[in-house]
Amino acid sequence: MTDLKTGLSGAVEAAFAALGLPPELGRVTPSDRPDLADFQSNGALAAAKRVGRNPREIAGEVAERLAADPRVAAVEVAGPGFVNLKVAEAALSARADEIAADPRAGGELVPAPRRVLVDYGGPNVAKPMHVGHLRASIIGEAIKRIYRFRGDVVVGDAHFGDWGYQMGLLIGAVMDEHADIAALIAKLNAQGADPQGPIPPAFERITLADLDRLYPLAAAKGKEDPAYRDRARKLTAELQAHAPGHYLLWRRFRDVTQVALERDFHALGVDFDLWKGESDVDHLIEPMVAELHARGLLVDDQGARIVRVAREGDKRELPPLLVVSSEGSAMYGTTDLATILDRKQTFDPDLVIYCVDQRQADHFEIVFRAAYQAGYAAEGQLQHIGFGTMNGADGKPFKTREGGVLKLNDLIEMARDKARERLHEAGLGEDLPEAEFEDIAGKVAVAALKFADLSNFRGTSYVFDLDRFTSFEGKTGPYLLYQAVRVKSLLAKARDQQAAPGPVRVAEPAERDLVLTLDAFNAALVESYERYAPNAVAEHAYRLAQSFSKFYAACPILTAEPDVRASRLTLAQATLRQLEQALDVLGISVPDRM
Ligand code: ARG
């Protein structure tokens, strides 16, 4: 199955080839003047330059060859040498029928599926989430779904931050607050207890609230007080050496955080396939260090061990990868490098996509180069997909009103409150059972947050504006949900009246426009896929909702003649399926009614 745009590109390319011109110049694009044409090809201009001929003349010859194509209703030469194409109604109708019958709503599969791992979200034990994590989760989830929908074998991994300095900080802070826990840790270490054994009840007293409270205090103290910092580093090294007392307490930290995070992420429609942590590659680090050493990649540097990654021709000097710190600890980059090795051994990905804040671009460049040098991945298999920040009204990374970092849970609650308010304002969902209303409010909230993020190109920063994000009007998630629900209720009404869908017969301009929009879904998917940019699909979803809205206003459905009604119902059905599919790959789900 090919879309009209690709099919027509093929026809124009063939015409170019037949005229002895470079075929690739023939490619068509959607017309700049939809009132005059559906597609245009500007290739005659470039071709004319290459062969030293008049562009209008070339365009005329191309047009002549296309005139006989049954898909083409009219072909014209315009301006300096554009070829304008209008698609035949029969071809539009056939394409609409094809999309309507396709369970994938016109979205095609890649010819050769790859194994893709998406590393996204990147939450940490104890350290609160910041806006970078929110965007990483939203964008990463969408990329994961887009890749999966196109047929790749995709695994999403949270790459839980559970093995760094913050662990030592927390262990110290808990010991300071609970003398009994400190004593128990010492005892367990002295006994050589089993680190994998059951977690002692005394440790189970530590809750997520404790971690939330202790971490910022300990982090601040560590910044001011070198002795405090040194102790935290030492505790981190001891944890990494599997001191049983440290390790058992750390397991408690990990468990309570993961349970809470999984719940919050789920509320945002973000679900990871894997919750592997930095700690999960711990066993690989020693052999990896030995191997790097044996291969001459590891260099001693003032007590630390590093891999140099600078390359000739670098515009600025990239620092080396710090593999083992002078305290003997594994660093953030060490676990990242070992994770590449682990993924190769356990999943053997063709591509790893790291969806992480742009501020970590250097970190990834350094780790990737080290991995390529070590042969853990082939050049180009590791991709860092960075993004801008979500800012507050002051233009700086978003903070809560109290000036703190945002908690995912609070953000979702805030968005839900606003969603309820908006639903009431619009008089939506009020006569529905309470539980259903709550479900709808949750979906509206998630749609608002995600669509606001995904409708921007990921590289751009945007301003957090919950009022705008949750509006049912404009380019918003809630607007799209509302439109989708409107189509659902139209289709339900048609079923009640026993009006069945039937073959499409495109006639009205609004119908043409709707079918051309439906036809563009695959191109949007391909663009999002190739550029790691979900905004192309977001843009498409919005355009589709708008096209449908115009069609709905211009073309009566249930009151039309039976054949016309059947055709329009098929268009409505195809629209709904494609809109839901587009939203689904963005990680947004549509309620049944509102
Ligand atoms: N936990 C990290 C942070 O909060 C993000 C992890 C990103 N993924 C990775 N493989 N390093 O900054």
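The values are calculated or read from the model by the stated rules, or taken from the named source; none is laboratory data. Remember, predicted model here, so these are calculated numbers, not experimental data. A quick note on method: Cβ atoms are made from the backbone with ideal geometry, for glycine too, and the neighbour counts reach across all protein chains shown. Accessible surface areas use protein heavy atoms only, side chains included; no ligands, DNA or RNA. Shrake-Rupley method; radii C 1.70, N 1.55, O 1.52, S 1.80 Å.
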**Message:** If a residue must be free of Cβ contacts under 8 Å to residues at least 60 places away in the same chain and assigned to a loop (DSSP other than H, G, I, E, B), how many such residues does the stretch 295-304 contain?
**Reply:** 3
**Request:** Out of the residues in the stretch 220-237 that are in contact (Cβ under 8 Å) with a residue 40 or more places away in the chain and under 24 Å from residue 190 (Cβ atoms), state the one that is surrounded by the fewest Cβ atoms within 10 Å (Cβ to Cβ).
**Result:** 234
**Fill in**
Residue pairs within 8 Å by beta carbon, gap of at least six or interchain, first lying in the stretch 422-441 and of a type in the set (D, E, K, R), second open to solvent by 60 Å² or more (accessible area, probe 1.4 Å), listed first then second, are 430/424
**Message:** I need the full set of residues from the stretch 513-531 which are in contact with a helix residue (DSSP H, G or I) (Cβ under 6 Å, 6 or more places away or on another chain) and not hydrophobic (A, V, I, L, M, F, W, C), in order please.
**Reply:** 513, 517, 519, 527, 528, 529
**Prompt:** What is the one condition in (1) within 14 Å of the ligand (Cβ to nearest atom); (2) within 22 Å of residue 264 (Cα to Cα); (3) open to solvent by less than 50 Å² (accessible area, probe 1.4 Å) that residue 412 does not satisfy?
**Reply:** (1)
**Item:** Residues of the stretch 72-95 satisfying the condition of being open to solvent by less than 30 Å² (accessible area, probe 1.4 Å) and among the basic types (Lys, Arg)
**Value:** 95
**Output for the stretch 356-407, where each listed residue is part of a strand (DSSP E or B), more than 16 Å from the ligand (Cβ to nearest atom) and either buried (at least 19 other Cβ atoms within 10 Å of the Cβ) or at pLDDT 95 or above (or both)** = none
**Request:** Identify the residue in the stretch 561-594 that is of a type in the set (Gly, Ala, Ser) and open to solvent by less than 20 Å² (accessible area, probe 1.4 Å) and, among all such residues, is nearest to residue 503 (Cα to Cα).
**Result:** 567
**Request:** Filter the stretch 412-454 for residues that are small (Gly, Ala, Ser) and within 28 Å of the chain's Cα centre (by Cα) and give the result.
**Result:** 415, 419, 441, 442, 445, 447, 448, 452
**Prompt:** How many residues are of a type outside the set (Gly, Ala, Ser) and within 20 Å of the chain's Cα centre (by Cα) if we restrict to the stretch 375-396?
**Reply:** 9
**Prompt:** In the set 582, 494, 574, which member is small (Gly, Ala, Ser), in contact (Cβ under 8 Å) with a residue 12 or more places away in the chain and under 24 Å from residue 453 (Cβ atoms)?
**Reply:** 582
**Prompt:** What are the residue pairs meeting all of these: first residue in the stretch 58-79, first residue on the phi > 0 side of the Ramachandran plot, second residue part of a helix (DSSP H, G or I), Cβ atoms under 9 Å, and 6 or more apart or on different chains?
**Reply:** 79/56
**Message:** Here's a check for you: in the stretch 305-322, which residue that is touching a residue at least 40 places away in the same chain (Cβ under 8 Å) and in a strand (DSSP E or B) is farthest from the ligand (Cβ to nearest atom)?
**Reply:** 307
**Message:** Take residue 320 and tell me if it is surrounded by 17 or more Cβ atoms within 10 Å (Cβ to Cβ) and more than 30 Å from residue 207 (Cα to Cα).
**Reply:** yes
**Asked** Where in the stretch 98-213 are there helices (runs of 4 or more DSSP H), lying wholly inside it, with at least 2 residues that are open to solvent by 20 Å² or more (accessible area, probe 1.4 Å), among the charged types (D, E, K, R) and more than 16 Å from the ligand (Cβ to nearest atom)?
**Response** 131-149, 165-177, 179-191
**Message:** Conditions first: (1) open to solvent by 50 Å² or more (accessible area, probe 1.4 Å); (2) in a loop (DSSP other than H, G, I, E, B); (3) closer than 30 Å to residue 117 by Cα. Residue 263 passes all but one, so which condition is the exception?
**Reply:** (2)
**Message:** Cβ-Cβ under 6 Å, sequence separation 6+ or interchain: first residue in the stretch 1-19 and assigned to a helix (DSSP H, G or I), partner of a type in the set (Lys, Arg). Which pairs?
**Reply:** 4/95; 9/27; 15/65
**Request:** Could you please find all residues in the stretch 332-353 being crowded, with 18+ Cβ neighbours inside 10 Å, under 29 Å from residue 294 (Cα atoms) and either more than 11 Å from the ligand (Cβ to nearest atom) or not basic (Lys, Arg) (or both)?
**Result:** 333, 334, 335, 336, 337, 338, 339, 340, 341, 342, 349, 352
**Message:** residue 249 - would you say it is more than 16 Å from the ligand (Cβ to nearest atom), under 23 Å from residue 585 (Cβ atoms) and crowded, with 22+ Cβ neighbours inside 10 Å?
**Reply:** no
**Fill in**
When the stretch 495-506 is checked residue by residue, the ones that are in contact with a helix residue (DSSP H, G or I) (Cβ under 8 Å, 6 or more places away or on another chain) and over 18 Å from residue 549 (Cβ atoms) are 499, 500, 501, 502, 503, 504, 505
**Item:** the stretch 446-469 - residue that is in contact with a strand residue (DSSP E or B) (Cβ under 9 Å, 6 or more places away or on another chain) and of a type in the set (A, V, I, L, M, F, W, C) and, of those, nearest to residue 587 (Cα to Cα)
**Value:** 452
**Asked** Among (1) modelled with pLDDT under 95; (2) over 16 Å from residue 373 (Cα atoms), where does residue 253 come up short?
**Response** (1)
**Request:** Could you list all residues from the stretch 6-26 that are within 31 Å of the chain's Cα centre (by Cα) and open to solvent by 60 Å² or more (accessible area, probe 1.4 Å)?
**Result:** 6
**Asked** Which residue pairs have Cβ atoms closer than 9 Å, lie 6 or more positions apart in sequence or on different chains, and pair a first residue in the stretch 122-138 that is under 18 Å from residue 447 (Cα atoms) with a second residue that is of a type in the set (Lys, Arg) and more than 7 Å from the ligand (Cβ to nearest atom)?
**Response** 131/399; 135/458; 138/450
**Item:** Matching residues in the stretch 423-437 - criterion: being open to solvent by 40 Å² or more (accessible area, probe 1.4 Å) and on the phi < 0 side of the Ramachandran plot
**Value:** 424, 425, 426, 430, 431, 433, 434, 435, 436
**Fill in**
Among 520, 500, the single one that is of a type outside the set (Lys, Arg), touching a His at 6+ places or on another chain (Cβ under 8 Å) and closer than 29 Å to residue 567 by Cβ is 520
